[in-house]
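Student: One structure, as structure tokens, below. Some questions next.
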Amino acid sequence: MAERLSAREVLTALADEATFDELPPPARISPPDGPLAWPGYDAARARAAAHTGEEESVVCGTARVGGTRAVLIAFEFGFLGGSLGERTGDRLEAAYAYARQRRIPVVPLVATGGSRMQEGMRALTQLQRVARESALTREAGLAQVAVLRDPTTGGGWATLGAGADVVLALPGAQVGFAGSRVRPADADPAAYTAEAQVAAGAADAVVPPAQLRATLARWLRLLTCPSTTPAPPPEPLGETAVLPATGWDAVRRARSPLRPRAAAYLDAYFTDRVSISGDRCGGADPDGMLCGFGTHEGRTVAYAAQTGTATRPAGYRTAARLIRLADRLGIPVLTLVDTPGAANDAEAERQGAGAAIADVFGAVASARTPLTTLVIGEGGSGGALALAAPGNTWATPDSYFSVIAPELAAAILKRPPREVEATADGLRIRPQDLVELGVIRGTVGA
């Protein structure tokens, strides 16, 4: 179980020294024992206040985290289990409105058991208020970075937590829609953890407490630096700048195990970077798609990079999520194309491969922020083209881009295996061919 800190302790741990300024809570006159006249409710609230020193289950205010100003919303689990009631909703609504007025990001530091039983449906409907405030903040182009503490369950997870742009979690935190008292008796408790949510693509990373402040500061800095200038394509990392002589030579060089892959390009391009993970639909493709934000020459650039494997549907959906987030925040995007093609096994079809690829095509087509693409290896069919920026795609000398792999093209055309190399030539897949055909803008390093 993760360590449970109070709201004030969490704020002290994360905010720059002497920068937290609490927002005044909105005034509300409630009837005795709340909207349901629940016997003993006022007494329970009084005991919670005496125990925690707080008047409600959230503390809201502004602070700087690593120098970036943000609205921080810290839940106090000691106050009736961090539950949401009408007064909680008042405070959350006011905090989000303040963030939009000041054009600053929002950081929910969540620790809640869900909606407050003593207020019944009046408490549950606070989730609609929270969802609307989050949606308005998203429309305003402001980032939301959630930190999941222990526990994060119920409507708090399904709105403030899972609805954030980036979701960080503390190790061992209980995270799930169903709290421990309402889930099936035979349920596997390991499924309701921060680690399980990351594996399922619902959260981005588990961050140790000692690293949380620096990690959150990095995220806030990166997500609050918009730019209208396209990201320049990376310099090639291959050993030779000589363009391939034949189409099959291009294929052979792109498939070489010695060729630099996406991780090497990202390390060389960015001075620092942080990753998002997961498609928010139950899947992740950490081995096939690398997505996140980094610093290049002093400004933020988002990236979605294929790693040379057959990209899974979750990888495409994660890339689409990344592109749309960058677009909302006004951050330029760099994509690295390197895949023999989309995964085409039966499981990939069951996971919605076609719809996932369509999602990326749609995200690229509708993006207003500038996109830049570099083909660094294999460019296999539509599974590669989905990430390519129209009019601003470049290629390295050790890459190729083809309507389909030459072997498969030969099979479709009913040609014998000995004609695969000639088919590669006929497809005109070399970087210089692609420039001549007007498919890409140019080659880098050649």
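Student: Taking θ as phi - 60°, what are the ³J(HN,Hα) couplings along the stretch 72-84 by the Karplus curve (6.51, -1.76, 1.60), each to the nearest whole Hz, with x for Gly and Pro?
Tutor: 10, 10, 10, 7, 9, 5, x, 9, 6, x, x, 6, 9
Student: With the crude spin-label approximation of a point 7 Å out along Cα→Cβ, what separation in nm comes out for Thr240 versus Arg181?
Tutor: Here the modelled spin labels are 7.0 nm apart.
Student: Pop out the ³J(HN,Hα) list for the stretch 44-49 in order, Karplus 6.51 cos²θ - 1.76 cosθ + 1.60 with θ = phi - 60°, rounded to Hz; leave Gly and Pro as x.
Tutor: My calculation for the stretch 44-49 gives 5, 5, 5, 5, 5, 5 Hz in order.
Student: Right, another one. Taking square-rooted eigenvalues a ≥ b ≥ c of the alpha carbon gyration tensor, is the stretch 270-348 rounded, prolate or oblate, where a/c under 1.5 means rounded and, failing that, a/b exceeding b/c means prolate? Before the final figure, lay out the partial values.
Tutor: Working: a/c = 2.42, a/b = 1.75, b/c = 1.38.
Prolate is the answer for the stretch 270-348, as a/c is 1.5 or above and a/b outweighs b/c.
Student: Can you tell me which of 141-154, 349-362, 196-209 comes out highest on packing, and rank the rest after it, using the mean Cβ neighbours within 10 Å?
Tutor: 141-154, 196-209, 349-362
Student: Could you tell me whether the stretch 93-172 comes out rounded, prolate or oblate from its Cα gyration tensor? Rule is a ≥ b ≥ c as square roots of the eigenvalues, rounded for a/c under 1.5, then prolate if a/b exceeds b/c, otherwise oblate.
Tutor: Oblate.
Student: Taking the stretch 171-236, which trypsin sites (Lys or Arg not before Pro) meet the DSSP loop condition and have no more than 12 other C-beta atoms within 10 Å?
Tutor: In loop regions of the stretch 171-236 (DSSP not H, G, I, E or B), the sparsely surrounded trypsin sites (Lys or Arg not before Pro) are Arg181.
Student: Under 1.5 on a/c is rounded, so check that first for the chain, then, if it is not, pick prolate when a/b is larger than b/c and oblate when it is not; a ≥ b ≥ c are the square roots of the alpha carbon gyration tensor eigenvalues.
Tutor: Note, shape of the chain comes out prolate.
Student: Whole-Hz ³J(HN,Hα) for each residue in the stretch 171-185, computed from phi via Karplus 6.51 cos²θ - 1.76 cosθ + 1.60 with θ = phi - 60°, x for glycine and proline: what do you get?
Tutor: Result, rounded to whole Hz: x, x, 5, 6, 9, x, 5, 8, x, 5, 8, 10, 7, x, 4.
Student: Here is a follow-up. First obtain the Kirkwood hydrodynamic radius of the stretch 7-223 from its Cα pairs, then insert it into the Stokes-Einstein equation at 20 °C and 1.002 mPa s, and state the resulting D in µm² per second as a whole number.
Tutor: Using the Kirkwood radius from Cα pairs, D works out to 124 µm²/s.
Student: Could you sort the peptides 322-335, 252-265 by per-residue average Cβ neighbour count (10 Å cutoff), highest mean leading?
Tutor: Ranking, from highest mean packing down: 322-335, 252-265.
Student: May I ask for the angle, rounded to the nearest 10°, between helix 126-139 and the longest principal axis of the chain, with both axes built from Cα atoms and the value confined to 0 to 90°?
Tutor: The helix 126-139 is inclined about 40 degrees to the chain.
Student: Another question about this same structure. How big is the charge dipole of the chain about its Cα centre, in debye rounded to the nearest 20, if each Lys and Arg gets +1 on its Cβ and each Asp and Glu gets -1 on its Cβ? Don't jump to the answer; show the numbers that get you there.
Tutor: On the way: 44 positive and 47 negative charges, 138 e Å.
Magnitude of the dipole: close to 660 debye.
Student: Relative contact order of the stretch 9-64: what whole-number percent is it, with Cα pairs under 8 angstrom and at least 6 residues apart?
Tutor: Relative contact order here is 53 percent.
Student: Give the average over all directions of the projected area of the C-alpha convex hull of the stretch 247-443, one decimal, in nm².
Tutor: Result: 10.9 nm².
Student: If contacts are Cα pairs under 8 angstrom and at least 6 residues apart, what is the relative contact order of the chain in percent?
Tutor: Relative contact order here is 11 percent.
Student: What trypsin sites (Lys or Arg not before Pro) in the stretch 366-446 are in a loop by DSSP, with at most 14 other Cβ atoms within 10 Å of the Cβ?
Tutor: The qualifying sites are Arg368, Lys414.
Student: Relative contact order for the stretch 7-223: what percent, with Cα pairs under 8 Å and sequence separation of 6 or more?
Tutor: Once divided by the residue count of the stretch 7-223, the mean separation gives 17 percent.
Student: Could I ask something else about it? How big is D, in µm² s⁻¹, for the stretch 133-183 by Stokes-Einstein at 4 °C and 1.567 mPa s if Rh is the Kirkwood radius over C-alpha pairs?
Tutor: 113 µm²/s
Student: Work out the charge dipole of the stretch 7-223 with +1 on the Cβ of Lys and Arg and -1 on the Cβ of Asp and Glu about the Cα centre, then indicate which of Ala162, Pro105, Val59 is farthest towards its positive end.
Tutor: Of Ala162, Pro105, Val59, it is Pro105.
Each reported figure results from applying straightforward, stated rules to the coordinates on display, with no laboratory input. Model, not experiment: these values are computed from the prediction. Methodologically, a virtual Cβ is constructed for each residue, glycine included, from the backbone with ideal geometry; neighbour enumeration extends over all protein chains shown.
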